[in-house]
Amino acid sequence: MTSQSPSVDIRGRSAQQLAALMSAGLLSPEEVAEQTLAAIAACEDQAVFTRLTVERARAEARAATQRLRAGRSASALDGVPIAWKDLFDLEGVTTTAGSRVLEADAPAKMDATVVSRLTAAGMVCIGHANMTEFAYSGIGLNPHYGTPRNPHGREEARVPGGSSSGSAVAVARGLVPVAIGTDTGGSVRIPAAFNGIIGYKASSGRYPMDGVFALSPTLDTLGIFARTVEDAVVVDAAMRALVAPNVRREPLTGLRLIAPTNVVCDDCDPAVMKNFEAALARLAKAGAIVERAVMPAFDEILALSARHGTIVAAEAYAAHKARVEGPEAGRIDRRVAKRIALAQAMPMVDYIAIMQARSRLIQQTSERLSGRCLIAMPTVAHTAPPIAALEADDDLFVRMNAKTLRNTMLGNFLGWCGVSFPTGTDEFDLPTALLLSGAPDADEQLLSFSLTAEAIVREVVDSML
């Protein structure tokens, strides 16, 4: 803490709020970094991070303080803390992907490219956030480093969602304003939904992937956890090495919102549907045109998976074959190792069939989403389930994991970008969420409408408090 700056509580503030306080001289980046590190140390849940980069954070905060005092800020994010899922290379730190078997690997020789870009923008690296081992689950359990607990719910510990569990919880608890995760089948949008924060999943290829530990090269994408869509927009620009965002707030008048009538609303919790419909009604009142329609691609994707298997299963097995079939298998989360090994029997002809069908379905759905059009659905069919039951019952875990991933994985298969918004809570104070998705590479359109939609959707949340 600097003697020149009065103490200001930073807990729960957005990136833009912190940036404004620092720009006004009410806080220094060094004070922000020290408060952040102190809050993490004092947090009741020590499973949120796998490791902190304390010295790096202090050095970066010191440099940001000097820049701000000299009137030469690196960007609108200068001095803002950020956490990285334990899949991103941080120079001098071993990337473990939530796994004990990688702890003996050599430390990264350099930052991942997206890490370098946000460092150049002045963001302060706090460390690696916890995650599901090898990013292979939508639930978020980790038997090695502990399971981060969802900060919501009154009666028992609830799952954080996966696989970017620690990243979401770090933002939801107010420990950092921004965290970066990956999303292969829902690993940004699911934990964002369970934890009641914003989760933006980018289209494939929007950011460079070098220095990011892969699960499925075909489906892996990156995403941003934030307290506001505006924060996500500013961070997105910096991750693309832009000086300023090229996303502009768009009115909802005339926006077509397709609300699918098949698959995504099946077996949803009553509170999920109630809050989803309330959000849709407000969006319609603001000028959006809500269309109820069948999305045939959804049923075909489920049928393809049942008949042939999945892309992520095949590619995860290719990446981890030696680990799950060798002496290291016993050191891997049993649920993860078993799921990876199941793809052993999947023939190449099935993988090719899925990839061919995917190309066809992406083209078909992209044509349907042309113009001012987005898809609206519940992010997850249910709220966060209890941790204890899923740790005790592997069969229950498998069923719940499949249900948790059902809605979001459709977007990955079809190459969609997406933003998850909190829509309220259920009777246990557990968050529910709405997912807006756009066609591949329609990120600017999605984010532009999301900037406007956020206040409308959040009005639903506020009205429930």
Task: R100-A318 FRET efficiency (beta carbon distance; Förster radius 25 Å; 0.05 resolution) - done: 0.70
Task: Total charge dipole magnitude, the chain, about the Cα centre, Cβ charges on Lys, Arg, Asp, Glu only, Debye to nearest 20 - done: 660 debye
Open item on the list: If I model a spin label as a point 7 Å beyond the Cα along the Cα-Cβ vector, how far apart are those points for A20 and V294 in nm?
Closed with: 4.9 nm
TODO: Show the residues, 5+ positions off or on another chain, whose built amide H is closer than 5 Å to the amide H of T221.
DONE: D183, T184
Task: A303-Q356 pseudo-label distance in nm [points 7 Å out on the Cα-to-Cβ vector] - done: 1.6 nm
TODO: Sort the following peptides by mean Cβ neighbour count (other Cβ atoms within 10 Å, averaged over residues), highest first: 361-367, 426-432.
DONE: 426-432, 361-367
Task: Debye equation applied to the C-alpha atoms of segment 112-203, log10 I(q)/I(0) at 0.11, 0.12, 0.19, 0.22 Å⁻¹ - done: -0.29, -0.34, -0.84, -1.08
Open item on the list: I'd like the FRET efficiency for E427 and M346, computed as 1/(1 + (r/R0)^6) with the beta carbon distance as r and R0 of 41 Å, rounded to 0.05.
Closed with: 0.50
Open item on the list: What three numbers, in Å, describe the spread of the alpha carbons of segment 331-416 along their principal axes, ordered from the longest?
Closed with: 47, 35, 18
Task: the chain: proportion of alpha-carbon pairs further apart than 45 angstrom, % - done: 6 percent
Task: All-pairs Cα distance distribution in segment 102-165, expressed in whole percent, bin size 5 Å - done: 4, 15, 17, 17, 18, 16, 7, 4, 1
Task: DSSP-loop GluC sites (Glu not before Pro) across segment 146-233, with at most 14 other Cβ within 10 angstrom - done: E155, E156
TODO: Whole number in Å², please: accessible area per residue of segment 111-172, 1.4 Å probe, ligands, DNA and RNA not counted.
DONE: 21 Å²
Task: Karplus (6.51, -1.76, 1.60) ³J(HN,Hα), θ = phi - 60°, over segment 37-48, in Hz, Gly and Pro reported as x - done: 5, 5, 5, 5, 5, 8, 5, 5, 10, 8, 9, 5
TODO: Can you send over the carbon and sulfur percentage of the accessible area for the chain, probe radius 1.4 Å, protein chains only?
DONE: 54 percent
- [ ] Send over the semi-axes of segment 222-313's equivalent ellipsoid, whole angstrom and largest first, taken as the square roots of 5 times the C-alpha gyration tensor eigenvalues.
- [x] 29, 23, 14
Task: Under 5 Å, built H, 5+ apart or other chain: amide partners of V93 - done: A108
TODO: Take every DSSP beta bridge whose two residues both sit in the chain, then give the antiparallel share in percent to the nearest 5.
DONE: 65 percent
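Evaluate 2.2 N^0.38 Å with N set to the residue count of segment 1-80, then give the Cα radius of gyration divided by it.
Numbers: Rg = 12.5 Å, N = 80, 2.2 N^0.38 = 11.6 Å.
Taking N as the residue count of segment 1-80, the ratio is 1.08.
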Open item on the list: For segment 351-465, compute Rg over Rh where Rg is the Cα radius of gyration and Rh is the Kirkwood radius from the inverse mean 1/r over Cα pairs.
Closed with: 1.04
Task: Cα Rg, Dmax, segment 170-282, angstrom units - done: 15.9, 45
TODO: Sort 123-129, 369-375 for me by packing, meaning the mean count of neighbouring Cβ atoms within 10 Å per residue, highest on top.
DONE: 123-129, 369-375
Open item on the list: Spelling out what I want: for every residue of segment 438-454, take phi, set θ = phi - 60°, compute 6.51 cos²θ - 1.76 cosθ + 1.60 (Karplus), and round to whole Hz; glycine and proline get x.
Closed with: x, 4, x, 6, 9, 4, 4, 5, 4, 5, 4, 5, 5, 4, 7, 5, 4
Task: Within segment 350-380: backbone nitrogen closer than 17 Å to the A284 label point (7 Å, Cα to C-beta) - done: 374-378
Task: Charge dipole of segment 223-294 about the Cα centre (unit charges at C-beta), most positive-ward option of V272, F225, A286 - done: A286
Task: Long-range Cα-Cα pairs in segment 253-368 (distance over 18 Å), rounded percent - done: 66 percent
- [ ] Treat each spin label as a single point 7 Å out from the Cα along the C-beta direction, and report the R51 to L242 distance in nm.
- [x] 3.4 nm
Open item on the list: Counting heavy atoms of the protein chains only and a 1.4 Å probe, report the per residue accessible area for segment 221-325 as a whole number of Å².
Closed with: 43 Å²
Task: For A129, distant residues with modelled amide H under 5 Å away - done: T50, W84, K85, D86
Task: Spin-label zone in segment 129-144 - amide nitrogen under 14 Å from a point set 7 Å from the Cα of R334 along the C-beta vector - done: 143-144
TODO: Read phi for every residue in segment 106-117 and hand back ³J(HN,Hα) as whole Hz from Karplus 6.51 cos²θ - 1.76 cosθ + 1.60, θ = phi - 60°, with x for Gly and Pro.
DONE: 5, x, 4, 7, 7, 5, 4, 4, 5, 5, 4, 5
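Taking the square root of 5 times each eigenvalue of the Cα gyration tensor, what semi-axes in Å does the equivalent ellipsoid of segment 65-142 have, largest first?
Values: eigenvalues 169, 39, 15 Å².
For segment 65-142, the ellipsoid semi-axes come out as 29, 14, 9 Å.
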Open item on the list: At 1.4 Å probe size, put R358, R72, R11, R227 in order of accessible surface, largest to smallest.
Closed with: R11, R72, R227, R358
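The values are calculated or read from the model by the stated rules, or taken from the named source; none is laboratory data. Model, not experiment: these values are computed from the prediction. Neighbour counts run over all protein chains shown; Cβ positions are idealised from the backbone, glycine included. These area figures cover heavy atoms from the full protein model, side chains too; ligands, DNA and RNA do not enter into them. Shrake-Rupley method; radii C 1.70, N 1.55, O 1.52, S 1.80 Å.
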